[in-house]
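Structure first, commentary second.
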Protein chains: 2
Amino acid sequence: MAATPQRTSGSVARDDYLEQIYHLMEQKGYARAVDISRNLGISQSSVTNMLQKLDAEGLLNYERYRGITLTEQGTEIAKAIIARHEMLTRFLRLFGIAEETIYADVEGMEHHVSRATLEAIRALTQHLETNPATLKEIVSQMSLPES
Amino acid sequence: MAATPQRTSGSVARDDYLEQIYHLMEQKGYARAVDISRNLGISQSSVTNMLQKLDAEGLLNYERYRGITLTEQGTEIAKAIIARHEMLTRFLRLFGIAEETIYADVEGMEHHVSRATLEAIRALTQHLETNPATLKEIVSQMSLPES
Ligand SMILES: [Mn+2]
Ligand SMILES: [Mn+2]
């Protein structure tokens, strides 16, 4: 798929790394390659390669045997990725979809959602959250043998 | 991303092949490897490999130098993929998003949308299509410097 200027996303891999590192930093102030490797299910040597690349791009500080931290620019991108993840999750939760299904959908969809689509989903979610009767009517029209 | 039983999608690549072959068959009754290669931007040797794999899975009939046709099972899967593509397109068109942005988003998102999410989007789209005042209110809440 060709990237367009409207994409909120860089590459899928880059997004997933920045997202993971941000969450690890929240938990303990820094991230370790071994934790990223485990959380993303990617080999340590691949993780090392990508960390060097993201370091060269100025998105994080990576020195072997030391904790990884995001730069200001890396933090900004990570926050946008996480905000997008949370927006899509909030949207899908309106419809009584199983949490694990929502998580799998969001992890996939979030890399392919333009700013315009995200803004439509935000306005839609806000409307449905403040108009429960409308939401209830929509949900009642869903035919689902299972979630 | 681990596949779940709720996914509407097989692999991204498989979906894209079946979708393309279906469209080519609609145009002229059969598909050729060279057209698939051009439309998907994939090398002919990779296309040949995948066609052999899909043939072995019973999804299409592939003999070198002859046209490719989908089996009944392949046709059924392709139709589901195309219906999902069309549903997502119909949904995003409600919000005045640029056509090329919609196309890029749908081509990415369609591989990551569970049956439950697709059904929610279907019910939502139907509601907004039949309640233009609600849609208009939502669109008026969107803040978009550009589409
Ligand atoms: Mn995510
Ligand atoms: Mn498609």
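FYI, it's all coordinate maths here, none of it is from the lab. Everything numeric in this text was worked out from a predicted model, so none of it was measured. Note: ideal-geometry Cβ built from the backbone for every residue, glycine included; neighbour counts use all protein chains shown.
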Which angle between 0 and 90 degrees, to the nearest 10, do you get for helix A:12-28 versus the longest principal axis of chain A when only C-alpha atoms count? 80 degrees
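Applying 1/(1 + (r/R0)^6) with R0 = 25 Å to the Cβ-Cβ distance of A:Q73 and A:R93, what FRET efficiency is obtained, to the nearest 0.05? Working shown, then result.
Numbers: r = 31 Å, r/R0 = 1.23.
Result of the calculation: an efficiency of 0.20.
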Counting pairs of alpha carbon atoms under 8 Å apart in space and at least six apart in sequence, what relative contact order in percent does the stretch B:12-75 give? 33 percent
Between helix B:115-130 and chain B: long-axis angle, C-alpha atoms, 0 to 90°, nearest 10: 50 degrees
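Taking the number of other C-beta atoms within 10 Å as the exposure measure, put B:K53, A:K28 in order starting with the fewest. Intermediate values should be presented prior to the final figure.
Values: B:K53 15, A:K28 10.
Fewest-to-most ranking of B:K53, A:K28: A:K28, B:K53.
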Label 7 Å beyond Cα on the Cβ vector: A:A13 copy-to-copy distances, nm: 1.6
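Counting each pair of different Cα atoms once, what's the Kirkwood radius of the stretch A:1-140 in Å, rounded to one decimal?
Details: mean 1/r = 0.0608 Å⁻¹.
Evaluated on the stretch A:1-140, it is 16.5 Å.
Could you put A:R32, B:R115, A:R66 in order, starting from the residue whose Cβ has the fewest other Cβ atoms within 10 Å?
Working: A:R32 16, B:R115 20, A:R66 10.
So the residues, fewest neighbours to most, are A:R66, A:R32, B:R115.
Determine the calculated [θ] at 222 nm for chain A from helices alone, applying -39500 (n - 2.57) to every DSSP H run no shorter than 4 residues and normalising by the residue count; nearest 500 deg cm²/dmol.
Working: 7 runs with 96 residues, N = 147.
For chain A, the value works out to -21000 deg cm²/dmol.
Can you pull the Kirkwood radius for the protein assembly as shown, inverse mean 1/r over Cα pairs, to one decimal in Å? Walk me through the numbers on the way to the answer.
On the way: mean 1/r = 0.0476 Å⁻¹.
When all Cα pairs of the protein assembly as shown are included, the Kirkwood radius is 21.0 Å.
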Evaluate the Kirkwood expression for the hydrodynamic radius of the stretch A:12-75, namely the inverse of the mean inverse distance over all pairs of different C-alpha atoms, and round to one decimal in Å. 11.3 Å
Output field shielding_mean for B:69-75 (other chain Cβ, 10 Å radius) holds 0
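In this model, which of A:K28/A:K79; A:K53/B:K53; B:K28/B:K53 are farther than 29 Å apart at the alpha-carbon?
Details: A:K28/A:K79 17 Å; A:K53/B:K53 35 Å; B:K28/B:K53 23 Å.
Over 29 Å Cα-Cα: A:K53/B:K53.
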With a cut-off of 14 Å, note down the residues of the stretch A:47-85 whose backbone N falls inside the zone around a label point 7 Å from the Cα of A:K28 toward its beta carbon. A:65-69
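Shielding by partners for B:100-112, please: the mean number of other protein chain Cβ atoms within 10 Å of each residue's Cβ.
Working: counts 4, 8, 3, 2, 10, 11, 2, 3, 11, 9, 3, 3, 9.
So the per-residue partner count for this stretch is 6.
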One residue of chain B has its C-beta nearest the axis rotating B onto A; that residue and its distance in whole Å are B:M109, 2
Measure off 7 Å from each Cα along the Cα-to-Cβ vector at B:E63 and B:A83, then give the distance between these two points in nanometres to one decimal. 3.2 nm
